[in-house]
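So the structure is just underneath, and the comments pick up after that.
The values are calculated or read from the model by the stated rules, or taken from the named source; none is laboratory data. Note that this is a predicted model, so its numbers are computed, not measured. Don't worry about glycine lacking a Cβ; one is built from the backbone with ideal geometry, like all the others, and counts go over all protein chains shown.
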Amino acid sequence: MSQKTFFAAAGLVFVALILSVPGRPLAQGTQENLIRKAKIFEETYALINESDLNCSFYMHEEGKLLPDIRIVGAERMNEKGLFEDGDVIYIDRGAADGLEIGQLFLTVGLRAKVGKLGTVMERHGRARVFRLEEHQASAKVEKGCGTIRIGDFLMPYEEGDGEIGKDLGYGDMDPNASRRGRVIFIENDFHISASGQWALIDMGRQQCVQIGDQLNVFHQARPGLPREAIASAIIIDVRGATSTIKILGARDAVDIGSEVQISSAR
C-alpha cells in the first residue's frame, strides 16, 4: 500500500469514528439530511385495528332500547366466569326468533353510567351460532377479548372498516376553534389514559365528527394559564352526542376533563 493510499484510508476511518462517537452532535447538514430521509421513509400503519372494532366501548345513549338477546349460560360456566375463543355460550333466542346457523353476533356488556348521556357499553368480542333449538341457541366465541360474560347482550355483527394512515401528531392550535370538546370517560379505573387506550368524548354526529378524524388533546394546569398539547387521538366510533377515541401518541396522561380539538377532519 502506498503512503498516499494509506493516509486516504486513515482519513475515512477517522471521519467514521467522529460520526459514531456517542453524544457527539452531527454537522448541521448531516442532521438535516437524516431528518429529511426519515420523513421520506415514514410509514403508515393501522390507526384503527381489529381490537378497536371488537374490544373497545361506546355510549349507549339515554332512552334507546338495549339489545333483546342475551347470554344465559355457557358450557364451562362452572369452571370460569369469563369466556374466550373456542368457548361455547348459550343464548336466549332460537329458530322461532329468526336466528340462523352461522349468524355472527357482537357481544356487549354494561360498563358504567355517565351522567345523563347514557351508559357505556363495552364490546367483548364475537360469537357465531352453530346449533339451533326453537327458543335457544348455542354459539362459539370467535375473536373474543377475554371478557365475555353470562348476562352480556348480543347484537348482529356489522363489519367495521379499519384505518390505515399516519399519526399527524399534536401541537398548538387555534384556541378559538369551534370543534372542540372534553374527555368524559376513560377505559380504566385510574381515570387516565395513554397511547393505545380508549376514551369517550362529548362530541358526536351533532358536531359533524366522523370516524377517522384526528384530534389533539390538551392539558391546562389551571384556568387562566396556557394550555399545552399532550396527545394525538383518532375517532373510532361515533354516536349522536359522543364518540370513542383511541390515543395514538402522548407525552403525558390524558385525564377526564382534558380538552380535545379536531386537528384533521375526513
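Here Val209 does not qualify as closer than 30 Å to Ala139 by Cβ, surrounded by 14 or more Cβ atoms within 10 Å (Cβ to Cβ) and free of Cβ contacts under 8 Å to residues at least 60 places away in the same chain.
Beta carbons closer than 8 Å, at least 6 apart along the sequence or on distinct chains, pair a first residue in region 152-163 that is assigned to a loop (DSSP other than H, G, I, E, B) with a second that is polar (S, T, N, Q) for Asp152/Thr107; Gly162/Asn49. Return yes or no: is Leu132 aliphatic (A, V, I, L, M), touching a Leu at 6+ places or on another chain (Cβ under 9 Å) and over 28 Å from Gly240 (Cα atoms)? Taking the combined requirement at face value, the residue satisfies it.
Looking across region 102-136, the residues that are touching a helix residue (DSSP H, G or I) at 6+ places or on another chain (Cβ under 8 Å) and farther than 22 Å from Cys55 by Cβ come down to Leu132, Glu133, Glu134, His135.
Within region 47-87, the set of residues being within 15 Å of the chain's Cα centre (by Cα) and of a type in the set (A, V, I, L, M, F, W, C) comprises Leu47, Ile48, Leu53, Cys55, Phe57, Met59. Beta carbons closer than 9 Å, at least 6 apart along the sequence or on distinct chains, pair a first residue in region 187-201 that is at pLDDT 85 or above and surrounded by 15 or more Cβ atoms within 10 Å (Cβ to Cβ) with a second that is among the acidic types (Asp, Glu) and assigned to a loop (DSSP other than H, G, I, E, B) for Gln197/Glu187; Trp198/Glu187; Ala199/Glu187; Leu200/Glu187. Which is closer than 30 Å to Asp202 by Cα and either surrounded by 15 or more Cβ atoms within 10 Å (Cβ to Cβ) or not aromatic (Phe, Trp, Tyr) (or both), of Gly81, Gly63, Gly86, Gly98? Checking each option against the conditions leaves just Gly63. Out of Ser258, Ser263, Ser178, one residue alone is surrounded by 22 or more Cβ atoms within 10 Å (Cβ to Cβ) and modelled with pLDDT under 95. It is Ser258. Taken over region 101-110, the criterion of being surrounded by 16 or more Cβ atoms within 10 Å (Cβ to Cβ) and out of contact with any Phe, Trp or Tyr (no Cβ under 6 Å at 6 or more places or on another chain) is satisfied by Gln103, Thr107, Gly109. On the stretch given as region 127-147, residues that are surrounded by 19 or more Cβ atoms within 10 Å (Cβ to Cβ) and either acidic (Asp, Glu) or at pLDDT below 95 (or both) total 2.
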